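Asker: What follows is a single structure, and I will ask about it in a moment.
Each value in this text was obtained by applying a stated rule to the coordinates, not by laboratory testing. These figures come from a predicted structure and were not determined experimentally. Heads up, the Cβs are rebuilt from the backbone with ideal geometry, glycines too, and the neighbour counts pull from every protein chain shown.
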Amino acid sequence: MTTSISRVARAITADEAAEVEANGWALLPGYVGAEQVHSLRRGAESLLGLAPDGAVVRPSAVVRTPSEVGRRTARTALRVFGETALDPELGRNAGRVVNRPDSIVLVEDEVNAARDQQPGAPAFHAGASSYQLDTTFGFTWIALTDIDADQGAPVFVSGSHRLGLVGLGFYSEETMAGWDRLPAGSVSAPQAMKAGDAVVARSETIRAFPPNTTDRVAITYALVHAPATTTYIGWPIELPGGTEIPSHQLLTEAGLPIVHHGEDRDDWRRTQGAKG
């Protein structure tokens, strides 16, 4: 299934793609325009049920596959999630994040909100450990509110994507300090974002989202993209949107939507050569 709609995000620059290649992640200022961010936040507020003062009623909340919710309902405010999730430019950018010319599918999307969480040390993990896919895939987190450093802004371990898969566990900063293959100073500062900024990362990149201990709500819209040649290798599952994926099936065979058709490989190689 292929959907063609207007672009809602800017293209990742060559410098940003190089930063992902080097560090496994990158901050993208001004990634989504103000009008689209406003619509996404309105949809998020509708999904999450915010208090009259704009604060999340609960300390944290997650809504899985809002793009599917928007597609299945007549609620106009939610249609923006389908429009954004299926955006071809987001798919093309995901291809640049994983450095692959393949077609790209949307695996999952979700809205996250948090405030007034209990303080504690951040728990680090690699996104690849949460999904049983046989190749590198990409994550995008779009800020729908301003997110200051003390509001649970994400932290990344630069260069950790070169470690490969590190297992299903969560890790403390102290534990990772003993890993010989990670140079000192690999843990980034919290990546504060303005509404419309985004961070992208490869699936093997270790990251953490510290607790938002403030009374100021932080809302993000997260998307997971993978090359269309990716195979699911876990136990049979049913995704929140209702899609069933048996073990060892290509994601496209499971009906996940193609959001970007692949680049011409010769053009891709020339582009990569020009970067060098």
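Asker: Compute the distance in nm between two label points, each set 7 Å from the Cα along the Cα-to-Cβ direction, one at W179 and one at H261.
Answerer: The answer from the label model is 3.9 nm.
Asker: Of the residues L256, L223, L50, which exhibits the maximal mean-square fluctuation in a Gaussian network model of the chain defined by a 10 Å Cα contact cut-off?
Answerer: L50
Asker: Highest first, please rank the peptides 10-21, 98-109 by the mean number of other Cβ atoms sitting within 10 Å of their residues.
Answerer: So the order, starting with the most tightly packed, is 98-109, 10-21.
Asker: For labels at R79 and R162 in the simple 7 Å Cα→Cβ model, what's the distance in nm?
Answerer: 4.8 nm
Asker: Now a separate question. Length gain on complete extension for the stretch A192 to A22, per 0.36 nm per residue less the alpha carbon to alpha carbon distance?
Answerer: Here the segment from A192 to A22 would lengthen by 59.1 nm.
Asker: Another question about this same structure. In nm, to one decimal, how far is the modelled label at T13 from the one at S172, with both set 7 Å along Cα→Cβ?
Answerer: Those two pseudo-labels are separated by 4.0 nm.
Asker: Quick one: grab the alpha carbon gyration tensor of segment 148-255, order the square roots of its eigenvalues as a ≥ b ≥ c, and give me rounded if a/c is under 1.5, else prolate or oblate depending on whether a/b is larger than b/c.
Answerer: oblate
Asker: Please check: in the Gaussian network model of the chain (C-alpha springs, under 10 Å), which one of T175, T213, T136 has the largest mean-square fluctuation.
Answerer: Of T175, T213, T136, the Gaussian network model singles out T175 as fluctuating most.
Asker: Assuming a ≥ b ≥ c are the square roots of the Cα gyration tensor eigenvalues, decide whether segment 58-151 counts as rounded (a/c under 1.5), prolate (otherwise, with a/b larger than b/c) or oblate.
Answerer: Here segment 58-151 falls in the oblate category.
Asker: In nm², what is the average projected area of the convex hull enclosing the Cα atoms of the chain?
Answerer: Average projection, Cα convex hull of the chain: 14.5 nm².
Asker: Shifting gears a bit: Based on a Kirkwood Rh over C-alpha pairs, give the Stokes-Einstein translational diffusion coefficient of segment 95-196 at 25 °C and viscosity 0.890 mPa s in µm²/s.
Answerer: After rounding, the answer is 155 µm²/s.
Asker: Ok, one more. Treat every Asp and Glu Cβ in segment 14-275 as -1 and every Lys and Arg Cβ as +1, leave all other atoms uncharged, and give the resulting dipole magnitude about the Cα centre to the nearest 20 debye.
Answerer: Charge dipole, segment 14-275, about its Cα centre: 180 debye, nearest 20.
Asker: If the chain between I237 and H38 were fully stretched, how many nm would it gain, using 0.36 nm times the residue separation less the Cα-Cα distance?
Answerer: Working it through step by step, the gained length comes to 68.3 nm.
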